[in-house]
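Here the structure is laid out as structure tokens; the discussion comes afterwards.
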Amino acid sequence: MYNDLKDKVVIITGGNSGIGKATSERFGKEGANVVINYLNNSEEAEEVVKTIQDSGSKAIAVQGDVSKEEDIKNLIQKAHEEFGRIDVMINNAGFEKPIPTHEMSTEEWSKVIDINLTGAFLGSREAVKYYLEHDIKGQIINTASVHDKIPWPNYVNYAASKGGLKLMMETMSMEYGKYGIRINNVSPGAIVTEHTREKFSDPTTRDETLEMIPLNEIGEAYQVANINAFLASEQASYVHGTTIYVDGGMTNYPAFMGGKG
């Protein structure tokens, strides 16, 4: 538990499911005020709000499309109106769908880029504006992916979005560190969520995935949420402009594990 997170105001895009849900609930346990952005499942979002409220913390749900400028501005405004300030912006909303590159339409390319990269840009930009205007040494945490460094065939738009997100974060960290605004990325590997549980329950898929993970375990959403909480806390006060991989070692060339090298 991080005592300094109590009463902090945290916005989490895509905070109603998967890693976002786990992160929302973790900050609720820390005593933070949580603003949960969701796209189209209000019941799911309200369930997370109730879970957080049952833990003794405050939370609200705000509908919005992260790829739309006006929706992000409204998200910031609602958070301010409800809680009076913003301390942490977590750009977590994301989308992926496998399509061979030569079959990918411009629309399919743009949908992933708009959500994963432009959405994180808009969230980061508006958070920085808010922090500067209110003289707050706030934080930005982006949910990236191991595919910000590992190529992923049939997911060229996703890999491009996460690779772009890495350099976006690093550039902004250089630009705004002097204001005390800390900006970092968290890059998950294979993580079990309600969206991936069925896939990883297939024995063949699970075994193929485990071959890529030196720790020989598929991660859980709460393990990513733990890192988000750490980065937002004073324990990470000197962590800035970096990426933390939560991947069981997936980025460390696991194909060499069985080799003679």
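The values are calculated or read from the model by the stated rules, or taken from the named source; none is laboratory data. Just so you know, these numbers come straight off a predicted model, no measurement behind them. Cβ coordinates were reconstructed from backbone atoms using ideal geometry, including for glycine residues, and neighbour counts include every protein chain displayed. Side chains are part of the model used for accessible areas, which takes the heavy atoms of the whole protein and leaves out ligands, DNA and RNA. Shrake-Rupley method; radii C 1.70, N 1.55, O 1.52, S 1.80 Å.
Give me the residue from region 25-55 that is more than 16 Å from I76 (Cα to Cα) and of a type in the set (V, I, T) and, out of that set, surrounded by the fewest Cβ atoms within 10 Å (Cβ to Cβ).
At the first step, the residues of region 25-55 found to be more than 16 Å from I76 (Cα to Cα) are 25-32, 40-55.
With the extra rule that they be of a type in the set (V, I, T), the set shrinks to 48-49, 51-52.
Working: V48: 24, V49: 22, T51: 16, I52: 24.
Among those that are more than 16 Å from I76 (Cα to Cα) and of a type in the set (V, I, T), it is T51.
Quick one: which of I72, I86 is touching a residue at least 40 places away in the same chain (Cβ under 8 Å), closer than 25 Å to E46 by Cα and touching a His at 6+ places or on another chain (Cβ under 9 Å)?
On the way: I72 fails: touching a His at 6+ places or on another chain (Cβ under 9 Å).
Being touching a residue at least 40 places away in the same chain (Cβ under 8 Å), closer than 25 Å to E46 by Cα and touching a His at 6+ places or on another chain (Cβ under 9 Å) holds for just one of I72, I86, which is I86.
Which one of E194, E170 is closer than 24 Å to N226 by Cβ and in a loop (DSSP other than H, G, I, E, B)? Steps first, answer last, please.
Numbers: E170 fails: in a loop (DSSP other than H, G, I, E, B).
Sole residue among the options that is closer than 24 Å to N226 by Cβ and in a loop (DSSP other than H, G, I, E, B): E194.
Take region 243-261 and flag every residue that is open to solvent by less than 70 Å² (accessible area, probe 1.4 Å) and modelled with pLDDT under 95.
Filtering region 243-261 for residues open to solvent by less than 70 Å² (accessible area, probe 1.4 Å) gives 243-251, 254, 259.
Residues satisfying the conditions are P254, G259.
Any idea which of K73, K97, K78, K50 is in contact with a helix residue (DSSP H, G or I) (Cβ under 9 Å, 6 or more places away or on another chain), in a helix (DSSP H, G or I) and charged (D, E, K, R)?
Working: K97 fails: in a helix (DSSP H, G or I); K78 fails: in contact with a helix residue (DSSP H, G or I) (Cβ under 9 Å, 6 or more places away or on another chain); K50 fails: in contact with a helix residue (DSSP H, G or I) (Cβ under 9 Å, 6 or more places away or on another chain).
When all the criteria are applied, what remains is K73.
Just to be sure I understand the filter: pairs with C-beta atoms under 6 Å, separated by 6 or more residues or on different chains, first member in region 213-233 and open to solvent by less than 60 Å² (accessible area, probe 1.4 Å), second member polar (S, T, N, Q) and at pLDDT 95 or above. Which pairs pass?
Correct list of pairs: A225/T23; N228/T23; L231/N184; A232/Q139.
Please work out if E126 is of a type in the set (D, E), assigned to a helix (DSSP H, G or I), under 27 Å from V34 (Cα atoms) and open to solvent by less than 50 Å² (accessible area, probe 1.4 Å). Steps first, answer last, please.
Values: of a type in the set (D, E): yes; assigned to a helix (DSSP H, G or I): yes; under 27 Å from V34 (Cα atoms): yes; open to solvent by less than 50 Å² (accessible area, probe 1.4 Å): yes.
Yes, satisfied.
Exactly one condition in (1) surrounded by fewer than 21 Cβ atoms within 10 Å (Cβ to Cβ); (2) touching a residue at least 12 places away in the same chain (Cβ under 8 Å) is false for T106; which is it?
Evaluating T106 over (1) surrounded by fewer than 21 Cβ atoms within 10 Å (Cβ to Cβ); (2) touching a residue at least 12 places away in the same chain (Cβ under 8 Å) leaves (2) as the failure.
Can you run down the residue pairs with Cβ atoms below 8 Å, 6 or more apart or on separate chains, where the first is in region 27-44 and under 18 Å from N226 (Cα atoms) and without any contact (Cβ under 8 Å) to a residue 60 or more places away in the chain and the partner is crowded, with 24+ Cβ neighbours inside 10 Å and of a type in the set (F, W, Y)?
That search, which allows pairs on different chains as well, returns V34/F27.
Within region 171-182, can one find any residue that is in contact (Cβ under 8 Å) with a residue 60 or more places away in the chain, open to solvent by less than 30 Å² (accessible area, probe 1.4 Å) and under 13 Å from the mean Cα position of the chain (by Cα)?
no
Out of H195, H240, which single residue is open to solvent by 90 Å² or more (accessible area, probe 1.4 Å) and under 23 Å from G123 (Cβ atoms)? Before you say what the answer is, go through the steps one by one.
Numbers: H240 fails: open to solvent by 90 Å² or more (accessible area, probe 1.4 Å).
It is H195.
If I ask for residues that are open to solvent by less than 20 Å² (accessible area, probe 1.4 Å), polar (S, T, N, Q) and over 20 Å from A236 (Cβ atoms), which ones from region 4-24 would you list?
Correct list: T13, N16.
Could you please find all residues in region 131-155 being surrounded by fewer than 18 Cβ atoms within 10 Å (Cβ to Cβ), in a helix (DSSP H, G or I) and not charged (D, E, K, R)?
Result: L132, single match.
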